[in-house]
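Structure, as structure tokens:
The values are calculated or read from the model by the stated rules, or taken from the named source; none is laboratory data. What you see is a predicted model, and the numbers here were worked out from it, not measured in a lab. In this analysis, Cβ positions are derived from the backbone assuming ideal geometry, glycine residues included, and neighbour counts consider all displayed protein chains.
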Amino acid sequence: MSRAPAVRAAKATTILLIEDTASLQIVYRSVLEGAGHTVHLAATAAEGIELFRNLEVNLVLLDLILPDRDGLDLMKDMLDLRPGTKIIVITANGSINKAVEAMRAGATEFLVKPFDETRFLDAVRNAVLPIAPRPASLRAVATTTASPPTGLPMQTTEATSGTFIGSSEPMKRIQSKIASVAKSMATVFITGQSGTGKELCALAVHAGSNRASGPFIALNCGAIPQDLLESEVFGHVKGSFTGAISDKPGAATAADGGTLFLDEICEMAPALQTKLLRFLQTSTVQPVGATRPRKVNVRIVCATNRDPLDAVRRGLFREDLYYRLFVVPIHMPLLRERETDVIEIAIAALHHFSAEEGRSFRSLDPQVEDLFLRLPWPGNVRQLLNVMRNIVVLNDAAVVTLDMLPGDLAQDASQKPTGAPVAIPADTGGLKLDHLIGKTLAEIEREVIEASLSFCGGSVPKAARMLDLAPSTLYRKIEAWGGASG
Ligand SMILES: Nc1ncnc2c1ncn2[C@@H]1O[C@H](COP(=O)(O)OP(=O)(O)OP(=O)(O)O)[C@@H](O)[C@H]1O
Ligand SMILES: [Mg+2]
């Protein structure tokens, strides 16, 4: 049954490809099958989940933009059905945030268009390697956002070292600010982009306070269904609503004597904002269905990766609550703004992961350091840790060299001077199956060839190999179009 030749069976992977663009389906499939993998194809989210239920696949390749459903939601459903499924998400250039979001929600890897054949096959190969799971430090947020609200979405400590690494000026300022406010009861409001260490900062505030031996309760305000939010934060008493089968303390009560970390605070529903404000003013909680309020003693730390003032201006966040919370602001800088911290963190991570994986890595080659200092790191520290983890798992040596870096990083480096990317143009994205139906075979052929050429960075011999055509045939076709339409 399998298309993969038997001799490659040991390395071959069964892949579910969920991609709605016909030309890309053909290109991806041809590359994957060429490498000996078996491909099952779905053009919609509905088809995709159906196949996922009925097939045993080792890997899912998922385009995040699908005609019938948001790819991220589909991914979450698949992970709910089979936790631990390897999923590579594919996003359009310019939607790196979407990719980061997907990683947080449990994706194994992401590919941002344009990417080339090598990067594509590398990602597939790496994704299915039988490696140990990523450390909790890399998935703490994913666990919180993806898990159903069966209990408090609570987090205690992180796996790496739990402390900030980095001696840059911006980080020194942050460390000293944390030290000076930790002991007070003042509310700390942490801002910064994804992966900059907001949660680590909240933990540091807690650890430096005199409530360090008390609980640290983290609540992801964006991840709890609206109808459960109030009960998650303030608790409920038995019988107060259908499903309230016993008394349940909310996060605010659980944090009594410790710190309540309200993560993604700008995502909090308006009704709950009102209740939170009352809680902050009175220090009392009233569980759903309770007749009397209860006094609790908690220190509030909150965080967002949005601009909170902008959320206020747009009416998404209560102004009075904003001023109540925005007492001691701490802004986490981007990793690329932290001088040589990137190297310090990379080396610490290298040692940490090497110990974990039984590798002998000690240092970074100067060329790698150079590159690391120049890279934009859109996913910040989380991305860097991910890269280091990848390197350690896939290689073993004393020194990390350029060739060990994941393909996309190396590509970033090689493209630096000209910036001319190998492109799958965004405009092939409009090509759907139903759209093909009205076309002539010649027109379809041309679209497929053009997509293949883009995928291969314009290399005719490569595209020809991928399409199983003679390069001369391909050259002839391209020449013919030149005359036909220009
Ligand atoms: N300076 C640092 N030194 C070492 N590890 C760090 C540092 N900053 C962050 N980390 C680690 O990087 C990962 C991401 O950090 P964290 O979860 O705190 O980011 P975040 O800002 O909350 O991200 P998000 O907005 O996506 O939730 C964690 O594993 C954390 O332990
Ligand atoms: Mg966070």
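Things to note:
- Filtered by the rule that a residue be in contact with a strand residue (DSSP E or B) (Cβ under 6 Å, 6 or more places away or on another chain), among the basic types (Lys, Arg) and over 22 Å from PHE52 (Cα atoms), region 81-123 gives a lone residue, LYS98.
- The combined condition, being assigned to a helix (DSSP H, G or I), modelled with pLDDT of 90 or more, loosely packed, with under 13 Cβ neighbours inside 10 Å and out of contact with any Ser or Thr (no Cβ under 9 Å at 6 or more places or on another chain), is not fulfilled by ASP434.
- Candidate set from region 358-382 (those that are out of contact with any Leu (no Cβ under 8 Å at 6 or more places or on another chain) and touching a residue at least 60 places away in the same chain (Cβ under 8 Å)); member that is surrounded by the most Cβ atoms within 10 Å (Cβ to Cβ): GLY379
- Conditions (1) among the small types (Gly, Ala, Ser); (2) within 16 Å of ligand 1 (Cβ to nearest atom); (3) outside any helix (DSSP H, G or I): number failed by SER213: (2)
- Selection of region 83-127 for residues being among the aromatic types (Phe, Trp, Tyr) and in a helix (DSSP H, G or I) yields only PHE120.
- For region 305-316, filtering for residues that are under 19 Å from LYS275 (Cβ atoms) and within 25 Å of the chain's Cα centre (by Cα) leaves 3.
Yes/no per residue for (1) modelled with pLDDT of 95 or more; (2) over 27 Å from ALA179 (Cα atoms):
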{"site": "VAL328", "(1), (2)": "no, no"}
{"site": "PHE372", "(1), (2)": "yes, yes"}
{"site": "TRP377", "(1), (2)": "no, yes"}
{"site": "PRO406", "(1), (2)": "no, yes"}
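- Among (1) more than 16 Å from ligand 2 (Cβ to nearest atom); (2) within 30 Å of the chain's Cα centre (by Cα); (3) in contact (Cβ under 8 Å) with a residue 24 or more places away in the chain; (4) over 21 Å from ASP307 (Cα atoms), the one test that ALA269 misses: (4)
- Contacts under 6 angstrom Cβ, first residue in region 193-207 being in contact (Cβ under 8 Å) with a residue 40 or more places away in the chain, partner in a helix (DSSP H, G or I) and within 6 Å of ligand 1 (Cβ to nearest atom), 6 or more apart: GLY195/VAL381; GLY195/ARG382; GLY197/VAL381
- Taken over region 164-200, the residue count meeting the criterion of being polar (S, T, N, Q), assigned to a helix (DSSP H, G or I) and crowded, with 21+ Cβ neighbours inside 10 Å is 0.
- Any chance ALA413 is among the small types (Gly, Ala, Ser), modelled with pLDDT of 75 or more, under 26 Å from the mean Cα position of the chain (by Cα) and not in a strand (DSSP E or B): no
Rundown of residues vs (1) among the hydrophobic types (A, V, I, L, M, F, W, C); (2) touching a helix residue (DSSP H, G or I) at 6+ places or on another chain (Cβ under 9 Å), yes/no style:
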{"position": "VAL27", "(1), (2)": "yes, yes"}
{"position": "GLY34", "(1), (2)": "no, yes"}
{"position": "LEU51", "(1), (2)": "yes, no"}
{"position": "ASN58", "(1), (2)": "no, yes"}
{"position": "ILE65", "(1), (2)": "yes, yes"}
{"position": "LEU72", "(1), (2)": "yes, yes"}
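- Given (1) touching a His at 6+ places or on another chain (Cβ under 8 Å); (2) modelled with pLDDT of 90 or more, index of the condition CYS302 fails: (1)
- Of the residues making up region 100-127, those that are away from ligand 2 (no atom under 16 Å from the Cβ) and modelled with pLDDT under 75 are PRO114, ASN126.
- Of the candidates ARG299, ARG278, ARG313, the single residue that is in contact (Cβ under 8 Å) with a residue 60 or more places away in the chain and not aromatic (Phe, Trp, Tyr) is ARG299.
- Any hit, region 79-95, residues being under 15 Å from the mean Cα position of the chain (by Cα), under 25 Å from ASN380 (Cβ atoms), among the β-branched types (Val, Ile, Thr) and within 16 Å of ligand 2 (Cβ to nearest atom): no
- Of all residues in region 316-340, those being in contact (Cβ under 8 Å) with a residue 40 or more places away in the chain, at negative phi and away from ligand 2 (no atom under 16 Å from the Cβ) number 15.
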